[in-house]
Amino acid sequence: MSVRRLAEDQVQPEGFAFNAENLKWAKQTIAKYPEGRQQSAVIPLLMRAQDQDGWVTKRCIEHVADMLEMPYIRVLEVATFYTQFQLKPVGTKAHIQVCGTTPCMLRGSEDLIKVCKSKINDKPFETNASGTLSWEEVECLGACVNAPMMMVFKDTYEDLTPERLEEIINEFEAGKDVKVGPQIDRQFSAPEGGMVTLTEVPTRKETKVAKAPAKRAPAKAAASKPKATKAAKAEAPKVAVKKPVAKAAVKPADANAPLFDAPAGDKDDLKLISGVGPVLERKLNELGITQFAQVAKLTKKQITEVDDRLSFKGRIERDDWKAQAKALAKGGAEEYRKVFGKDPR
């Protein structure tokens, strides 16, 4: 995979904000996740932002990170990893994604790329002179039986030829509605040229089913067990049966008991640690963690114990709570800015 970076600063807008409709949608989407799991909404929010502005900007990444209480680097990692996110401006009317994987390549995708180079721009991700069209080559788009094909935003265009692609590009440039799906006389992914098998409608023939004779239940064999005599009963030895000894019940440890002795002095505002919200702060206080210095000195074993009690596996190390707490314990917000280059939450 090629390296993906954000667009140059000169093309980055000064700010980002969801419009009223998308902001309402974003809040509803975040609310679908359980408390403490709201960061799972990062991909839907980034996609909504891209649908709104056409691409994912630096300010958009920071805005989504603030909404989800995530470090900026975490959202940047998501945006740069998934190729569905456009990191620089693309065509406002159409950004053409030509599939170049083997089935499409064997069916002529290289000729489609030549059309894109001649009619849009010689380089991928670069727009035409008017900024309305752009293109790129992508991996499999999932319509191999209809190769070659391409995608424009969320619609697919299949069974393409270079001539038809030229027409489609002209139609997008003119602002016309373009037919989606197969561009030949084919219904979805049905065989090209029509059905070649199962073309006859079968007729239902009446058949008589012979009734099988009812099965008779097998006769029960009479059990011939000899009756024990009094003498035999007397000779049989008596076997002593041991009664099971009841085991002492083991009382489980109190799941709500503190793990640490809370130190003397005022409580620190643990919410200044990125990744700690009001709910997590309350739970940490219940465990006996009330100051930054305690978080900064957590051992591996203690981190595992806290993880189990908070039900957030790996979060302490993933968001680097210890480094954040160390800076806050040493010099507060000023030291945090020196270390991390930004204000604490």
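Bear in mind that the values in this text are calculations on the coordinates, not laboratory data. If you're wondering where the values come from, they're calculated on a predicted model, not measured in any experiment. Every residue, glycine as well, gets a Cβ built from its backbone with ideal geometry; the counts of neighbours run over all protein chains shown.
Once phi is turned into ³J(HN,Hα) by the Karplus curve 6.51 cos²θ - 1.76 cosθ + 1.60 with θ = phi - 60°, what whole-Hz value does each residue of segment 275-287 show in order, with x for glycine and proline?
Each residue's phi maps through the Karplus curve to give x, 10, x, x, 5, 5, 4, 4, 5, 5, 4, 5, 7 Hz.
Give me the dipole magnitude in Debye, nearest 20, for segment 1-143 about the Cα centre, with unit charges on the beta carbon: positive for Lys and Arg, negative for Asp and Glu.
Rounded to the nearest 20 debye, it is 240 debye.
Report the charge-dipole magnitude of segment 94-182 in Debye, nearest 20, computed about the Cα centre from +1 at each Lys and Arg Cβ and -1 at each Asp and Glu Cβ.
20
Give the relative contact order (percent, whole number) for segment 9-81; include only Cα pairs under 8 Å separated by 6+ residues.
Reported relative contact order: 33 percent.
On a full-extension model of 0.36 nm per residue, what is the gain between Met195 and Leu23, subtracting their alpha-carbon distance, rounded to one decimal in nm?
Taking 0.36 nm per residue and subtracting the Cα distance, the gain is 57.1 nm.
Can you give the Rg to Rh ratio of segment 30-166, both from alpha-carbon atoms, with Rh computed by the Kirkwood formula?
My calculation puts Rg/Rh at 1.05.
Take the Cβ-Cβ distance between Asp9 and Ser130 as r, set R0 to 35 Å, and report the resulting FRET efficiency rounded to the nearest 0.05.
That gives a FRET efficiency of 0.90.
Say the cut-off is 30 Å between C-alpha atoms; which of Lys313/Lys342; Lys300/Lys338; Lys58/Lys267; Lys117/Lys179; Lys88/Lys322 go over it?
Violating the 30 Å Cα-Cα cut-off are Lys58/Lys267; Lys88/Lys322.
What does the net charge come to around Glu334 if you take all other residues with beta carbon closer than 13 Å to its beta carbon, with K and R at +1 and D and E at -1?
Net charge in that neighbourhood comes out at +2.
For Gly194, what is the net charge nearby, where nearby means another residue's Cβ is under 10 Å from its Cβ and Lys, Arg count +1, Asp, Glu -1?
-1
Below 8 Å between Cα atoms, with a sequence gap of 6+, how large is the relative contact order for segment 270-340 in percent?
34 percent.
Could you tell me whether segment 9-81 comes out rounded, prolate or oblate from its Cα gyration tensor? Rule is a ≥ b ≥ c as square roots of the eigenvalues, rounded for a/c under 1.5, then prolate if a/b exceeds b/c, otherwise oblate.
The shape class here is oblate.
Considering only Thr29, Ala49, Phe16, whose Cα is most displaced toward the positive end of the charge dipole of segment 9-81, charges sitting on Cβ of Lys, Arg (+1) and Asp, Glu (-1)?
Thr29
Please give me the summed charge of the neighbours of Phe153: other residues whose Cβ is under 14 Å from its Cβ, Lys and Arg +1, Asp and Glu -1.
Result for the local shell: -2.
Where in segment 279-310 does the label zone of Ala262 land, with the point 7 angstrom along Cα→C-beta and an amide N cut-off under 12 Å?
282-291
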